[in-house]
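Below: one structure in structure tokens.
Where a number appears in this text, it was derived from the coordinates with a stated rule and is not lab data. These figures come from a predicted structure and were not determined experimentally. A quick note on method: Cβ atoms are made from the backbone with ideal geometry, for glycine too, and the neighbour counts reach across all protein chains shown.
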Amino acid sequence: MTSGSGSFDHSALVHREITPAEIETRNRMTPQAFRALVRQRQWQPDSSLTQYYCMGYAQHSMAIVPQDYALEFLVFCLRNPRACYVADVCEPGSPHPPVIAPDADVRTDCHRYRVFKDGVLVDEPNDILSYWKNNMVAFMLNCSMGFEGVLRQKHVNFVTNGTHISNIPCRPSGRFKCDGMIVSTRVFATSNDAVRAVQITSELPVSHGYPLDIGDGTKIGIDITNPMWNPSHPAPAVVPKAGEVCMSWGCAVTPEIAIKAAKPPIAIVHYPGMVFVGNARTEEFNSSFLS
């Protein structure tokens, strides 16, 4: 059990230097192989979380709500696609995403979860088998860790700089609302890297699309030196140097805020950074790829 404060606890992570050989091995892993490690409790997360695994494959945030909340939540996601792009929706009571990974099980394949009751965080278990009910609907949403893999494939140089609460309002739907969209921020080595990142991510709606802000973040009300959560913790936030470019994207922590506001009797999301890796490649969600 947790205190219910909703703060991000990094104590479960191993903070160490990850070798290039380890990164290469992780990059080449298939989603099926990675999910098997997670499901069998053979994956020990470290500060790289899922971002270096299965390069090129889409990674998905996940939200599970009761069926009588599902339509309102779906409308909230459709009204705020930059933070909540819907990649797949499971049938009520089914833990198997029919489009992106029918061989997967959302109850076991994220390593760690956050369980909310009436909007309050009550548990952070390693699986949700004991919480699962036949009226639950699982939504597979977007995650920027998918586009990070594509950027690395294309040799774009950047550093992840954590998540922030912006002043960008979300469009509400019934009981679901979020006054300030959560954004994730990255610092790019050069303006050329930044331009390439804009070009690449603009074609990747499943990874939040093009950035919402380019610059120091003041226009969207954030302090880039003070993230609410940083996957490289306990390292300090990156302060851009001369010639470097900071950009912010929508973040799928946003629907978690909306779920807290809606206060369903039970709702479940993945733990930050420990997301669901699907079978489809990130670029397969590009409309030109699908046409």
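Which whole-number percent gives the relative contact order of the chain, counting Cα pairs below 8 Å spaced six or more residues apart?
28
Report the percentage of all Cα-Cα pairs in region 146-250 whose separation exceeds 20 Å, rounded to a whole percent.
39
Still on this structure, please answer the following. What 222 nm value per residue comes from the helices of the chain, counting each DSSP H run with n ≥ 4 as -39,500 (n - 2.57) and dividing by all residues, nearest 500 deg cm²/dmol?
Result for the chain: -6500 deg cm²/dmol, rounded to the nearest 500.
Considering only His60, His208, His96, give the residue with the highest GNM mean-square fluctuation for the chain, with springs between Cα atoms whenever their separation is below 10 Å.
Maximum fluctuation in the GNM of the chain, among the listed residues, is at His96.
Would you tally the net charge around Gln67, using a Cβ to Cβ cut-off of less than 14 Å, leaving Gln67 out, and scoring K and R as +1, D and E as -1?
-2
Holding the Cα-Cα limit at 26 Å, pick out from Lys154/Lys177; Lys177/Lys241; Lys219/Lys263; Lys133/Lys263; Lys177/Lys219; Lys154/Lys260 the pairs that are longer than that.
Pairs exceeding the cut-off: Lys154/Lys177; Lys177/Lys241; Lys219/Lys263; Lys154/Lys260.
Strictly under 4.7 angstrom between C-beta atoms: which cysteines of the chain have no such partner?
Here Cys54, Cys90, Cys110, Cys143, Cys246, Cys251 come out as lacking a disulfide-compatible partner, given the Cβ-Cβ threshold of under 4.7 Å.
Among Gly149, Val187, Cys170, which residue has its Cα positioned farthest towards the positive end of the charge dipole of region 146-250, with +1 placed on the Cβ of Lys and Arg, -1 on the Cβ of Asp and Glu, and the dipole taken about the Cα centre?
Cys170
Moving to a separate point now. Highest mean first, what order results for 269-276, 188-195 on Cβ atoms within 10 Å?
Taking the mean over residues of other Cβ atoms within 10 Å, the ranking is 269-276, 188-195.
Under the 0.36 nm per residue contour assumption, what length would be gained going from the current alpha-carbon distance of Glu22 and Glu124 to full extension?
Full extension of this stretch gives 34.0 nm more.
Classify the chain as rounded, prolate or oblate from the Cα gyration tensor: take a ≥ b ≥ c as the square roots of its eigenvalues, call it rounded if a/c is under 1.5, otherwise prolate when a/b beats b/c and oblate if not.
Since a/c stays below 1.5, the shape of the chain is classed as rounded.
Under unit Cβ charges (Lys, Arg +1; Asp, Glu -1), what dipole magnitude, rounded to 20 debye, does the chain have relative to its Cα centre?
Charge dipole, the chain, about its Cα centre: 160 debye, nearest 20.
What is the sum of charges, Lys and Arg at +1 and Asp and Glu at -1, for the other residues whose Cβ falls under 11 Å from the Cβ of Tyr113?
-1
At a 10 angstrom cut-off on C-beta neighbours, averaged per residue, how do the peptides 22-35, 240-253 rank from highest to lowest?
With the highest mean Cβ count within 10 Å placed first, the list reads 240-253, 22-35.
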